[in-house]
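In what follows, a structure is listed as structure tokens, so that the remarks can point back to it.
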Amino acid sequence: MKNKSTHFDTVVVGGGPAGIATAMHLGYHQRKVLVIDRKTSPMQFVNTSIHNYPGIKPLIAANAILQKMRKELHEFNVETLFGNVISIEGHTPNFQLQVKSSKPKPSTVTAKTLVLATGISRKHPKVDGDWKKWLPYAAKDHMSYYCPDCDSPQTAGKDVIIVNAGTVNSALHVARCIRPFAKRIRIFMTDDSNVPFTKDSETILNQSGFEWTHGLIREIKILEPGKRQQLLTVDGQTLECNTFFVAWIGIPRSELAVQLGIDVDSHGNIITDSQGGTNVEGVWVAGDVRPMTQTVATAVGTGVYAGVMIAHFLLASE
């Protein structure tokens with residue numbers, strides 16, 4: 001934190017598009033704001049262009065958009081702390097956050113209001129038993145896509161393998177979304193998925209009308225990104241395609257909300273009212289940790305809305 005401040009009108013936990021959008025609105029209204037960012041937003045890593053976010057032509061990569069957003073924060077005197085929030089206690093107007101950063105000891109910051117923009121944890125496919133070995137291909141250089149709402153048109157005319165890391169229904173959802181575009185669709189069900197592959201899964205797939213197979217991924221070979229790619233299995237299959245589309249499951253990062261007694265649904269998504277407010281006064285939520293589709297435009301919209309509501313709340317309390 002550049003000014004060593006410890007007390008803020010608002011602390012935003014999460015430095016993705018939703019959190020930044022909230023912080024920018026409040027900074028614009030001359031509120032003292034801190035964004036705590038542990039740099040795990042999916043947009044930190046995605047280097048393919050975003051096509052369905054207004055006003056960004058010529059198109060730029062998702063990670064470049066995030067970098068531009070971060071730079072713009074400084075124009076509104078918003079402070080940023082790169083670190084991880086360990087715990088949150090208290091009530092409005094005195095929330096206390098313990099933050100672990102590069103310092104030897106956790107630092108403490110306080111705030112009148114909070115925004116939880118903590119997002120979701122994506123579950124990736126495993127390569128040779130390790131999900132980290134998939135990361136070099138995760139939403140990079142058109143080697144794989146993750147969001148059917150964002151990227152289905154990118155599969156136009158392509159031979160696509162859907163690599164499933166979730167449920168059979170998540171795989172079929174992706175298949176149906178890209179069917180109007182892709183030339184060929186095959187589903188690869190990973191036997192070490194986060195959700196077990198069962199006989200019922202086989203029945204559902206056999207009735208779906210889509211080509212499918214299953215197994216364990218031994219290796220990924222990228223012969224030409226987005227054009228010639230291979231998935232090699234432990235049992236000797238070599239599946240070649242133009243690109244992969246990952247069918248995944250997400251786990252909401254709502255642990256801090258639970259600490260504060262905020263209501264979550266059966267999936268762990270934080271429950272909010274129509275304005276992004278929670279059942280705990282002084283706490284708002286923005287972005288993917290709410291039950292919503294994961295698009296940049298949607299995340300930014302919820303972030304701005306939360307910022308507007310917090311600005312009104314702060315005015316009313318003064």
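The values are calculated or read from the model by the stated rules, or taken from the named source; none is laboratory data. What you are looking at is a predicted structure, and each value in this text was computed from that prediction instead of being measured. Ideal geometry is used to build each Cβ from the backbone, glycine not excepted, and the neighbour counts take in all protein chains shown.
Summary table
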| item | result |
| --- | --- |
| Among the candidates S274, S317, residue that is over 29 Å from A139 (Cα atoms), touching a strand residue (DSSP E or B) at 6+ places or on another chain (Cβ under 8 Å) and surrounded by fewer than 18 Cβ atoms within 10 Å (Cβ to Cβ) | S317 |
| Segments classed as helices (runs of 4 or more DSSP H), wholly inside the range 156-269, with at least 2 members that are in contact (Cβ under 8 Å) with a residue 12 or more places away in the chain and more than 22 Å from the chain's Cα centre (by Cα) | 199-206 |
| The one condition in (1) under 28 Å from Y53 (Cβ atoms); (2) over 13 Å from the mean Cα position of the chain (by Cα); (3) buried (at least 19 other Cβ atoms within 10 Å of the Cβ) that R290 fails to fulfil | (2) |
| Looking only at the range 52-75, and only at residues there that are among the hydrophobic types (A, V, I, L, M, F, W, C) and part of a helix (DSSP H, G or I), the one that is nearest to H25 (Cα to Cα) | L73 |
| Of residues in the range 177-211 being of a type in the set (D, E, K, R) and within 20 Å of H124 (Cα to Cα), the one surrounded by the fewest Cβ atoms within 10 Å (Cβ to Cβ) | D191 |
| All positions within the range 133-175 that are of a type in the set (D, E) and in contact with a strand residue (DSSP E or B) (Cβ under 8 Å, 6 or more places away or on another chain) | D151, D159 |
| Lone unmet requirement of (1) polar (S, T, N, Q); (2) touching a strand residue (DSSP E or B) at 6+ places or on another chain (Cβ under 6 Å); (3) more than 17 Å from K158 (Cβ to Cβ); (4) surrounded by fewer than 21 Cβ atoms within 10 Å (Cβ to Cβ) for S254 | (4) |
| Residue match in the range 242-251 (condition: more than 30 Å from A64 (Cβ to Cβ) and small (G, A, S)) | no |
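Let's see how each residue does on (1) assigned by TED's automatic domain parsing to the domain that holds G287; (2) buried (at least 16 other Cβ atoms within 10 Å of the Cβ); (3) of a type in the set (A, V, I, L, M, F, W, C); (4) closer than 25 Å to M43 by Cβ:
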| residue | (1), (2), (3), (4) |
| --- | --- |
| E75 | yes, no, no, yes |
| N94 | yes, no, no, no |
| K100 | yes, no, no, yes |
| K105 | yes, no, no, no |
| T108 | yes, no, no, no |
| L116 | yes, yes, yes, yes |
